[in-house]
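To start, the structure itself, in structure tokens.
Bear in mind these aren't lab numbers, they're just calculated from the coordinates by the rules spelled out. The shown structure was predicted, so the numbers you read here are calculated from the model rather than taken from an experiment. Neighbour counts are summed over all protein chains in view; Cβ atoms, including those assigned to glycine, are modelled from backbone coordinates with ideal geometry.
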Amino acid sequence: MKKWIMTLPPVMAAISCGQEARQAEPAGQDGPQRPNVVIIVADDLGFGDVSCYGRQTMPTPCLDSMARGGLLFNHAYATSATSSPSRYALFTGMYPWRADMHILPGDAPLMIPVDMPTMPKMFQALGYRTAAIGKWHLGMGDGHTDWNQEIVPAANTVGFDYTNIIPATVDRVPTVYVENGRVVGLDPEDPIRVRYTKPFPGEITGREHPELMKMPFHHGHDGTIINGIPRIGHMMGGTAALWDDATMADYFYERAEAFVDAHQDEPFFLYYGLHQPHVPRTASAAYAGSTPYGPRGDVIAEADGLVGRMMRHLEALNLLDNTLVIFTSDNGAVVQDGYEDGADTLLGEHDPNGGLRGGKYSLFDGGTHVPFIAYWKGHIQPGVSDAWFTQLDLYASLAALVGGDAPAGLDTENQLPVLLGQSRKGRRSQVIEAMGRLGYMQDGYALLPPYKGPERNETGIELGNLKEFALYNLAEDVHQDHDLSREEPRRLRRLRKAFLKATAGFYQPAVEEEKLQ
Ligand code: NG6
Ligand code: CA
């Protein structure tokens, strides 16, 4: 049985990122107290999609370089197997299921109340300049947004001085950039209308005009066709403001770099949400066709290149030893997520979830077990950590780092020594969430409660809807093949009790109550 302890692969001679992360010196006591913090979150990038985790099928030279100079986490988790809940937890330090978070449509209201404590507000309170650039997916406005006016409340109210974001996902309308609560490039003579209920009269949809699609849909995604790509939802107008899918990577990178440039002399916090490799996958000209994996591979190469560019830029500004850079993904990988882009047929030997069971949407480990690298030159000793770390803890951990405040009562815990590689004793337990279903992990074991529902969804991913409580030893059984619930009844009882306590009232039993005793 494959253990989940992995080592860094040797430097791949043939593939270079153009930047070799320098060896960090041991963490010093008198380092900067207010380092810049950059959190880069990829969208649907799997544990196996990053080659420093040991698989060479999908080369990611820049991430590998970052990992060689930083700390590579073997057991890092998102709270959720989809984007909106996962990002909610990252920013608020609260479990997303407490707020009934789910995948949001593009016209959803802002889901983080304006008076809620957040990680970016914590940075702001200390005088940091803060920005959110790229994928957002936490809603904006009050739920009755007029996209032609200033959007109130804007994403800025979460704690960002500057925002330049896409409202939801690349496959959802409105397909426009929103900068500080205003649609970028909007022509008032051509107002935008958005709705998710039904098509507008005269709208060109994928369902009615498949002949106009450059990228056909496989499931869902039969709404408005924009740039030849059918999306989820319905949109009219706003032609001048529509984003160009193929230049989105550069658009956001340039804003991220400009933000860093503008604030290089003061502490800054940058959340940079990469839109790759979420569907629809449309690589920029420099990466289109650059891998044998079709658009999915191309946009992973692109995302990797963007990380490399950012690292090189920080190095050029001489900021690497004063900037903690974190790279991770919002949830596990999915291959076929709604478009006919060849990702499934071109996969070959590549396993995007790196041997984990399930993937995006799943309660199995592939849903929430994500790539995670922490890099801080001179402060984080390069290496590999087997400690268990969750994105939920970034809020309290970073607050501890910079002397900020994470109020009591949040779910986030201070795990700074783990994040910095000074302790290998990670978090002991975490609730996981996948499409509204809850699971639990404790001391290297995963508990999957029974749930009604299909075994797989349209993506082909196993969702983890089991008939009875199942128990897996993640350390011994990476792929969760052996349910230990009968062999270890006492442990099962213990975890079930802890799970019910941790989720008090939120778990909806799918089996009769007496079976839970
Ligand atoms: C699903 C979409 C999927 C993706 C996902 C959100 C369909 C059939 N599927 O509803 O394509 O957009 O939502 O992904 O429409 S996430 O990573 O942002 O959570
Ligand atoms: Ca995602």
Hey, fewest Cβ within 10 Å first, where do HIS219, HIS275, HIS144, HIS137 land in order?
HIS144, HIS219, HIS275, HIS137
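Would you work out the charge dipole size for region 430-516 about its Cα centre, treating the Cβ of every Lys and Arg as +1 and the Cβ of every Asp and Glu as -1, and quote it to the nearest 20 debye? Please report the intermediate quantities before stating the final value.
Values: 13 positive and 15 negative charges, 90 e Å.
Computed about the Cα centre, the dipole is about 440 debye.
Starting from the Kirkwood radius over alpha-carbon pairs of region 430-516, derive D by Stokes-Einstein at 10 °C in a medium of 1.306 mPa s and give it in µm² s⁻¹.
This corresponds to a translational diffusion coefficient of 120 µm²/s.
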If you take the Cα atoms of region 223-302, find Rg, then find the Kirkwood Rh from the mean of 1/r over all pairs, what is Rg/Rh?
1.05
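Starting from region 438-517, pick out the GluC sites (Glu not before Pro) whose DSSP state is loop and whose Cβ has at most 11 other Cβ atoms within 10 Å.
Working: sites: GLU455, GLU458, GLU462, GLU468, GLU476, GLU487, GLU512, GLU513, GLU514; in loops: GLU455, GLU458, GLU468, GLU476, GLU487, GLU512.
Hits after loop and neighbour filter: GLU455, GLU487, GLU512.
Using unit Cβ charges (K, R positive; D, E negative) and no other charged atoms, how large, in debye to the nearest 20, is the dipole of the chain about its Cα centre?
Details: 44 positive and 64 negative charges, 326 e Å.
I would put it at about 1560 debye.
Of VAL183, VAL37, how do they rank once you tally other Cβ atoms within 10 Å and put the fewest first?
Values: VAL183 21, VAL37 24.
Placing the least packed residue first, the sequence is VAL183, VAL37.
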With equal scatterers on the alpha carbons only and no solvent term, can you work out the Debye log10 of I(q)/I(0) for the chain at 0.09 1/Å?
-0.59
At q = 0.10, 0.11, 0.16, 0.21 Å⁻¹, what is the base-10 log of I(q)/I(0) for region 118-236 according to the Debye formula with one equal point scatterer per Cα and no solvent? Please give it to two decimals.
-0.35, -0.42, -0.78, -1.13
I'd like the Kirkwood hydrodynamic radius of region 167-256, using the inverse of the mean 1/r over distinct C-alpha pairs, in Å.
13.5 Å
Starting with the fewest neighbours, write out THR239, THR368 ranked by other beta-carbon atoms found within 10 Å of each beta-carbon.
THR239, THR368
Can you grab the distance from the C-alpha centre of region 193-211 to the C-alpha centre of region 229-273, Å, no decimals?
25 Å
Alpha-carbon centroids, region 367-396 and region 325-362: separation in whole Å:
21 Å
